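Engineer: Mind having a look at this structure? Questions to follow.
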Amino acid sequence: RKEVEQDPGPFNVPEGATVAFNCTYSNSASQSFFWYRQDCRKEPKLLMSVYSSGNEDGRFTAQLNRASQYISLLIRDSKLSDSATYLCVVNIMGKLSFGAGTTVTVRA
Amino acid sequence: GAVVSQHPSWVICKSGTSVKIECRSLDFQATTMFWYRQFPKQSLMLMATSNEGSKATYEQGVEKDKFLINHASLTLSTLTVTSAHPEDSSFYICRLREGSYNEQFFGPGTRLTVL
């Protein structure tokens with residue numbers, strides 16, 4: 001079983017829509033969690049950390065459910081520039097495990 | 001934010017040649033450097049971890065004699081793909097950690113294509 005699993009998508013949504021997707025992790029000892037954004041042929045860039053109480057950064061909301069071992073990301077009022085692959089990243093004792101990513105395409 | 005560079009950003013080579021990729025931190029000292037590779041539509045896979053001045057620790061399944069890592073200083077790490085083959089074609093990315101547990105910076109990546 002992979003350490004981090006994501007629905008690969010793609011999620012094709014119109015501008016202004018809300019899109020949400022999850023990520024599950026297998027190791028209950030996972031310590032911290034992140035969402036990264038990766039554009040085609042580029043390096044991943046940190047979008048936001050995910051905190052136990054859930055957190056919001058502008059149009060992006062992240063949730064963590066330790067009991068069920070999943071993380072979610074919700075994008076409100078999606079923009080064309082949100083089109084990217086979103087990587088779920090889990091930190092276990094300093095080692096990062098990456099999901100394969102969820103591709104989101106926002107269309108005009 | 002911290003700046004990390006990788007060179008070259010893109011390389012095409014013939015099968016059997018060796019390719020060296022450099023990862024540099026430009027404005028901080030990286031105590032630990034990580035090398036990843038990413039095949040299309042797949043996740044980043046950790047290849048090895050290196051600390052300055054010591055031998056790299058390789059992940060299971062990664063051949064240390066094929067992927068030579070040298071972390072010669074706190075600002076430079078190199079990954080050499082020896083006798084590259086088409087199956088080594090991938091996106092190679094370094095990640096640097098600056099002491100603090102949560103400080104992590106990715107290089108822009110190197111796309112290797114082996115013909």
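The values are calculated or read from the model by the stated rules, or taken from the named source; none is laboratory data. These numbers were taken from a predicted model, which means no experiment stands behind them. Counting neighbours? That spans all protein chains shown, and the Cβs are built from the backbone with ideal geometry, glycine included.
Engineer: Would you tally the residues in segment B:4-31 being surrounded by 13 or more Cβ atoms within 10 Å (Cβ to Cβ) and at pLDDT below 90?
Structural biologist: Final tally of qualifying residues: 3.
Engineer: Name the residue that is farthest from the other protein chains (Cβ to nearest Cβ), counting only residues in segment B:62-84 that are outside any strand (DSSP E or B) and in contact with a strand residue (DSSP E or B) (Cβ under 9 Å, 6 or more places away or on another chain).
Structural biologist: Here the answer is B:T82.
Engineer: Now, a different point. Which residue is farthest from A:T18 (Cα to Cα), if the candidates are limited to segment A:82-100 and must be facing chain B (nearest Cβ under 7 Å) and touching a Cys at 6+ places or on another chain (Cβ under 8 Å)?
Structural biologist: The extreme case among them is A:F98.
Engineer: Which of the residues that make up segment A:24-72 are touching a residue at least 40 places away in the same chain (Cβ under 8 Å), touching a Phe, Trp or Tyr at 6+ places or on another chain (Cβ under 6 Å) and assigned to a loop (DSSP other than H, G, I, E, B)?
Structural biologist: A:P44, A:Q69, listed by residue number.
Engineer: Counting just the residues of segment B:32-58 that are of a type in the set (A, V, I, L, M) and more than 11 Å from chain A (Cβ to nearest Cβ), which one comes out surrounded by the most Cβ atoms within 10 Å (Cβ to Cβ)? Outline the logic, then answer.
Structural biologist: Taking segment B:32-58 and keeping what is of a type in the set (A, V, I, L, M), we get B:33, B:44-48, B:56.
Still in the running and more than 11 Å from chain A (Cβ to nearest Cβ): B:33, B:47-48, B:56.
Values: B:M33: 27, B:M47: 23, B:A48: 21, B:A56: 21.
Looking at the filtered set, the residue picked out is B:M33.
Engineer: Further question: Consider segment A:77-95. How many of its residues are in contact with a Phe, Trp or Tyr (Cβ under 8 Å, 6 or more places away or on another chain) and in contact (Cβ under 8 Å) with a residue 40 or more places away in the chain? Lay out the reasoning, then the answer.
Structural biologist: If we filter segment A:77-95 for residues that are in contact with a Phe, Trp or Tyr (Cβ under 8 Å, 6 or more places away or on another chain), which is where we start, we get A:86-91, A:94.
Still in the list and also in contact (Cβ under 8 Å) with a residue 40 or more places away in the chain: A:86-91.
Total satisfying the criteria: 6.
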